[in-house]
1. With the cut-off at 32 Å, tell me which of the pairs Lys108/Lys189; Lys108/Lys159; Lys110/Lys209; Lys72/Lys108; Lys147/Lys265 have Cα atoms farther apart than that.
2. Restricting to DSSP H runs of at least four residues, report the calculated mean residue ellipticity at 222 nm for the chain, -39500 (n - 2.57) per run over all residues, nearest 500 deg cm²/dmol.
3. Answer rounded, prolate or oblate for the chain, using the Cα gyration tensor with square roots of eigenvalues a ≥ b ≥ c: rounded when a/c is under 1.5, else prolate when a/b is larger than b/c, else oblate.
4. May I ask you to evaluate 6.51 cos²θ - 1.76 cosθ + 1.60, the Karplus curve with θ = phi - 60°, for each residue of region 136-141 and list the ³J(HN,Hα) values in order in whole Hz, giving x for glycine and proline?
5. Rounded to the nearest 10 degrees, what's the angle between the helix 260-274 long axis and the longest principal axis of the chain, both from Cα atoms, 0 to 90?
6. Using unit Cβ charges (K, R positive; D, E negative) and no other charged atoms, how large, in debye to the nearest 20, is the dipole of region 202-274 about its Cα centre?
7. Let's test the formula: R0 of 30 Å, r as the Cβ-Cβ distance of Lys108 and Lys215. What FRET efficiency results, to the nearest 0.05?
8. Summing +1 for each Lys or Arg and -1 for each Asp or Glu, what net charge is found among the other residues whose Cβ lies under 11 Å from the Cβ of Gly6?
Amino acid sequence: MRTLTGITPSGTLHIGNYFGAMRPAIEAQARGDCFYFIADYHSMTTVTDAAERRTNTRGIALDWLACGLDPKTSVFWRQSDVPEVCELTWMIGSLTPMGLLERAHSFKDKTAKGIAANFGLFAYPVLMAADILLYDTQRVPVGRDQKQHVEMTRDIAIKFNEAYGETFVVPESEIRDEVAVVPGLDGQKMSKSYGNTIEIFGDEKALRKKIMGIKMDSRTPAEPKPDADQNLAIQLLRLVAPADVARDHEQRLRAGGLGYGDLKKALFEHYWAYFAIARARRAELAADPGYVDSVLRDGAERARAVADGVLARARKACGLD
Ligand code: ADP
Ligand code: TRP
């Protein structure tokens, strides 16, 4: 069962990304046949600074490798290293109805906000469909916001198969419903667009300050807190501390006696320890820039070996051979 997903290189990753997307993807490696790529072509619809794209791409590669992406087990590459995906985008784009693209959230939301649309933004779901179809993908794990794009991919694959004969595997999306939404520093969904994030990697002092700055109510430490399970620091502690430690803090908060300052201190310590190994590994990897390059180069070769076969099949089917 081939699993494939794309990671957009936009900005610094936070623990919402980690628990919502990275950890499940890393765990999925145990099932084998995972294809993970950095969607740098997709980033062109939002990022227009070359240096920024290079830095983001490199940073995200380091983040994933440090957190446990195993480039021996999984195929890990940079989208633009297999530019054949653009040829497939054209082939399937010519079968994609305008109406389907006009209904895409990625396009509708941006234009509704008054952002001037360009061809790249409009064609975004077609490129994403090409990403998926080019590798005979069966399963596409994505966040809920991307579900529509995978459905469009299915429509496009079926259309192509009807027009030119069985060519593409029709993929299924896998929505991670079991992963709760990780709350941010203000209690809303953690998101880089809300400025409420706790980064996975970053400066210790600044991150400690962020966590110690979480706003709590004005009840005194001694006061019992029957709503302890709703407390933001408890919710975050559950993610990064052993279950008994989180439970113990929750009970002490409920009974009264645990102050918010001490609770936040515990949260910071556990968060910092949780990512300690990944942090050390990231520093090691960052010190050897040749390593990341070689991982991505090798990944691109392995990805291309699959892509070449599928593209040849598609070209033959539509008479481009
Ligand atoms: P952001 O909201 O910060 O822009 P993205 O939209 O780039 O994050 O999300 C990348 C991945 O991380 C998606 O698969 C998304 O579902 C997941 N993700 C983002 N924020 C959270 C969160 N707060 N809780 C759980 N998963 C999240
Ligand atoms: N659009 C996806 C996102 O923003 C990233 C992506 C690009 C992707 N190509 C893909 C995800 C193919 C899954 C499959 O998160």
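Throughout, read-outs are computed from the coordinates displayed, never taken from laboratory work. Because the structure is a prediction, the values reported are computed rather than measured. Here the Cβ is made from the backbone with ideal geometry for all residues, glycine too, and neighbour counts use every protein chain on show.
1. Working: Lys108/Lys189 22 Å; Lys108/Lys159 23 Å; Lys110/Lys209 34 Å; Lys72/Lys108 39 Å; Lys147/Lys265 38 Å.
Pairs exceeding the cut-off: Lys110/Lys209; Lys72/Lys108; Lys147/Lys265.
2. Details: 13 runs with 165 residues, N = 321.
Taken over the chain, the calculation gives -16000 deg cm²/dmol.
3. The shape class here is prolate.
4. The phi angles translate into 6, 6, 9, 10, 10, x Hz.
5. 40 degrees
6. Numbers: 13 positive and 11 negative charges, 47 e Å.
Charge dipole, region 202-274, about its Cα centre: 220 debye, nearest 20.
7. Values: r = 34 Å, r/R0 = 1.15.
The calculated FRET efficiency here is 0.30.
8. Values: positive: Arg78; negative: Asp40, Asp131.
Once positives and negatives cancel, what remains is -1.
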